[in-house]
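K.L.:
A single structure is presented below for examination.
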Amino acid sequence: MGTGVTFTDALLAEAKGSWQGWALVMFVATLALGRVFPSRAHRRLPASVWLYSVQLVLLVVTALLTALGHRAVEETRLAQHVILAMAWVGLGGALLFGVILPRTRFPVSRILQDLVVGTAAVAVIAAVLHSHGVALSGLFATSAVVTAVIGFSLQDTLGNTIGGLALQTDGSVRVGDWIKVGDVVGKVTEIRWRYTAIETRNWETVLLPNSTLMKGPVTVLGRRHGEPELWRRWVWFNVDFRYPPPDVIAAVEQALRAQPIDNVAAEPPPNCIVMDLHESYGRYAVRYWLKDLAVDDPTDSAVRTRIMFALRRAEIPLSIPAHALFVTQESEERKESKSASDRRRRLDALHRVELFAPLEDAELERLADALHPAPFTRGEVLTRQGAEAHWLYLLINGEAAVRVAKDGIDTEVARLSPGSFFGEMSLMTGEPRSATVVALCDVECFRLDAAAFRDLLERRPQLAEPIARLLAERRTNLAAITEGLDAEARRRRMESDSSLLFKKMKAFFKL
Ligand code: CMP
């Protein structure tokens with residue numbers, strides 16, 4: 001069946017009708033660019049080249065059918081134009097996302113690229129169909145049913161796809177983030193249409209369906225609003241509970257902060273806390289902030305080693321196994337040696353207090369028996385202004401501040417150092433505590449109850465005078481602050497107070 005049109009004429013007409021010259025130029029140019037920017041432009045090019053080749057074949061077939069006057073010419077031409085349009089769109093995508101946008105440093109996620117190219121393809125195909133007189137409304141009406149059926153069967157796939165799109169666009173999870181989903185912890189390396197790939201520290205790649213990321217909780221490690229990417233780590237250790245927590249904490253913190261450790265942030269600084277007290281040991285934790293989330297275990301190990309050496313230097317042993325059984329015979333001998341060493345410590349403490357210098361050994365020993373150990377940690381209140389008094393305190397180690405509150409203003413009036421005593425004012429006058437005494441560091445005190453103090457004064461009335469003198473001095477100091485006395489007024493107050501107090505005391509203690 002001839003038409004009078006030669007194959008060559010038909011071929012030229014078809015080529016002209018579908019702008020093959022331009023298409024050829026563009027393909028050659030883009031392939032050349034693909035060589036210059038191989039990594040990015042590359043992705044979309046093979047498919048476009050393939051489509052381009054297919055449409056070339058269809059072009060030849062169309063020309064042949066035209067020459068033969070075959071009925072299927074229109075359909076073949078339509079197919080050729082549609083495929084050529086798709087090749088153009090692929091080409092445009094390669095140019096835009098592979099060559100132009102990377103130059104402008106304007107990053108577009110892979111899913112978004114696919115979405116743009118997909119939409120463009122649909123639009124261009126619709127335009128081609130329209131130009132060939134295909135009624136699109138009919139196509140959409142029939143395809144709505146098909147879409148519903150496909151949509152229903154592809155629910156999961158769609159969930160993943162939409163999940164992937166949402167993840168990409170809202171930036172909640174980004175490539176490079178460390179995330180934890182269920183038991184899996186790893187670094188996000190890729191967010192694809194269907195899944196998000198994360199690489200674990202064990203050199204595994206886990207492909208998490210995007211719908212899982214959308215449904216369940218996802219922990220992004222080390223991310224905190226407005227803060228640098230740091231991850232807080234806990235390193236645990238146990239220490240025999242006979243070692244005071246402040247000593248353990250100070251030794252460990254000092255060692256951790258003295259010299260930087262690789263991958264440990266200087267800010268916030270590592271800190272140590274006592275988390276629990278068990279039968280035979282205290283459970284401690286060091287918290288530090290990790291800079292590179294990939295090296296958690298090695299950094300924990302470096303921190304652990306630092307802790308161990310710091311404790312060794314401080315002669316603080318790590319706890320022995322909690323199941324250890326202490327078998328000690330509580331013999332009379334042992335009890336005696338224990339109480340002898342205890343008493344020695346008390347006597348040592350008393351020797352450090354100048355007030356008791358006039359006392360003889362027997363008196364000191366009696367006094368030592370009446371002492372109660374009273375350790376305080378930094379910041380604790382030893383006596384509180386306005387409270388009822390029960391004890392006299394001897395400060396053996398550490399430093400404390402005497403503070404007075406007046407009209408809502410808190411003022412430090414004195415510092416107490418080792419060898420000083422306090423709490424005498426209330427015990428001697430029967431008034432409430434005149435000031436608050438706060439430990440400025442870890443403080444070791446002994447306290448003497450009111451009855452033992454009275455007993456001491458009854459036996460040694462001559463102690464009353466130096467105590468009264470000191471008391472008057474302290475009261476004058478307090479008054480200077482609370483009443484605003486000048487130097488002369490202070491001197492006069494001091495003189496009158498001293499003798500008055502001495503009399504008051506004698507009466508109070510019936511000396
Ligand atoms: P008391 O009032 O029993 O309780 C608070 C104690 O703080 C007080 O006894 C004194 O021992 C002590 N104190 C009060 N004022 C001073 C001061 N100016 N200097 C030193 N110690 C003081």
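Laboratory data are not the source of any read-out in this text; all were calculated from the coordinates shown. As the structure is a computational prediction, the values presented were derived from the model and not from experiment. Here the Cβ is made from the backbone with ideal geometry for all residues, glycine too, and neighbour counts use every protein chain on show.
K.L.:
May I ask you to order 70-82, 116-128 by the average number of other C-beta atoms within 10 Å around their residues, highest value first?
P.N.:
70-82, 116-128
K.L.:
Distance from the Cα centre of the stretch 47-62 to that of the stretch 413-479, in angstrom?
P.N.:
104
K.L.:
Relative to the present Cα-Cα distance, how much length would full extension add between Thr200 and Ala32 at 0.36 nm per residue of separation?
P.N.:
Numbers: separation 168, 0.36 × 168 = 60.48 nm, distance 3.84 nm.
That works out to 56.6 nm of additional length.
K.L.:
Can you give the FRET efficiency for Ala489 and Asp262, using 1/(1 + (r/R0)^6), R0 = 56 Å, r = Cβ-Cβ distance, to the nearest 0.05?
P.N.:
0.35
K.L.:
Then there is this: What's the ranking of 219-230, 438-449, 87-98 by average number of surrounding C-beta atoms within 10 Å, highest first?
P.N.:
Ranking the peptides 219-230, 438-449, 87-98 by packing returns 87-98, 438-449, 219-230.
K.L.:
To continue, here is another question. Label 7 Å along Cα→Cβ of Val116; the stretch 67-90 residues with amide nitrogen under 13 Å?
P.N.:
90
K.L.:
Run the numbers for Arg454 and Ala314: contour at 0.36 nm per residue of separation, minus the present Cα-Cα distance, in nm. Before the final figure, lay out the partial values.
P.N.:
Numbers: separation 140, 0.36 × 140 = 50.40 nm, distance 4.12 nm.
In short, 46.3 nm is gained.
K.L.:
Continuing with this model, one more query. So what are the ³J(HN,Hα) numbers for the stretch 298-303, from phi and the Karplus equation (6.51, -1.76, 1.60; θ = phi - 60°), rounded to whole Hz, Gly and Pro as x?
P.N.:
x, 6, 3, 5, 5, 5
K.L.:
If you don't mind, there's one more thing I want to ask. What's the ranking of 262-272, 425-435 by average number of surrounding C-beta atoms within 10 Å, highest first? The partial results should precede the final answer.
P.N.:
Details: 262-272: 15.5, 425-435: 19.3.
Packing order, densest peptide first, comes out as 425-435, 262-272.
K.L.:
Now for a separate question. From the helices alone, meaning DSSP H stretches of at least four residues, give me the mean residue ellipticity at 222 nm for the chain, per-run term -39500 (n - 2.57), in deg cm²/dmol to the nearest 500.
P.N.:
-16500 deg cm²/dmol
K.L.:
Here's something else I'd like to know. Please report, in debye to the nearest 20, how large the charge dipole of the chain is about its Cα centre when each Lys and Arg carries +1 at its beta carbon and each Asp and Glu carries -1 there.
P.N.:
Computed charge dipole of the chain: roughly 1100 debye.
K.L.:
Another question, if that's okay. Can you count the Lys pairs in the chain whose Cα atoms are under 25 Å apart, with each pair 8 or more apart or on different chains?
P.N.:
Lysine pairs, 8 or more places apart or on different chains, close enough: 4.
K.L.:
Kirkwood Rh and Cα-based Rg: tell me the resulting Rg over Rh for the chain, rounded to two decimals. Each step should come with its number before you reach the end.
P.N.:
Numbers: Rg = 44.1 Å, Rh = 32.5 Å.
Across the chain, the Cα-based Rg/Rh ratio is 1.36.
K.L.:
If you take the beta carbon distance between Thr305 and Leu355 as r and set R0 to 56 Å, what does 1/(1 + (r/R0)^6) give as a FRET efficiency, to the nearest 0.05?
P.N.:
Here the calculated transfer efficiency is 0.70.
K.L.:
Tell me, what is the FRET efficiency for Ala72 and Leu101 to the nearest 0.05, using R0 = 41 angstrom and their Cβ-Cβ distance as r?
P.N.:
E(calc), rounded to 0.05, equals 0.50.
K.L.:
Once amide H atoms are placed 1.01 Å from N in the peptide plane, what residues at a sequence separation of 5 or more from Leu371, or on another chain, have their amide H within under 5 Å of its amide H?
P.N.:
For Leu371, no residues qualify.
K.L.:
Moving on. Find how much the distance from Ser417 to Arg174 grows on full extension, using 0.36 nm per residue of separation minus their present alpha carbon separation; answer in nm with one decimal. Show your work: numbers first, answer last.
P.N.:
On the way: separation 243, 0.36 × 243 = 87.48 nm, distance 5.77 nm.
In short, 81.7 nm is gained.
K.L.:
Percent antiparallel among DSSP beta bridges with both residues in the chain, to the nearest 5?
P.N.:
Within the chain, antiparallel bridges account for around 100 percent of the total.
K.L.:
With no solvent and one point on each alpha carbon, what is the Debye value of log10 I(q)/I(0) for the stretch 382-463 at q = 0.16, 0.23 Å⁻¹?
P.N.:
For the stretch 382-463, the Cα-only Debye profile gives -0.61, -1.12.
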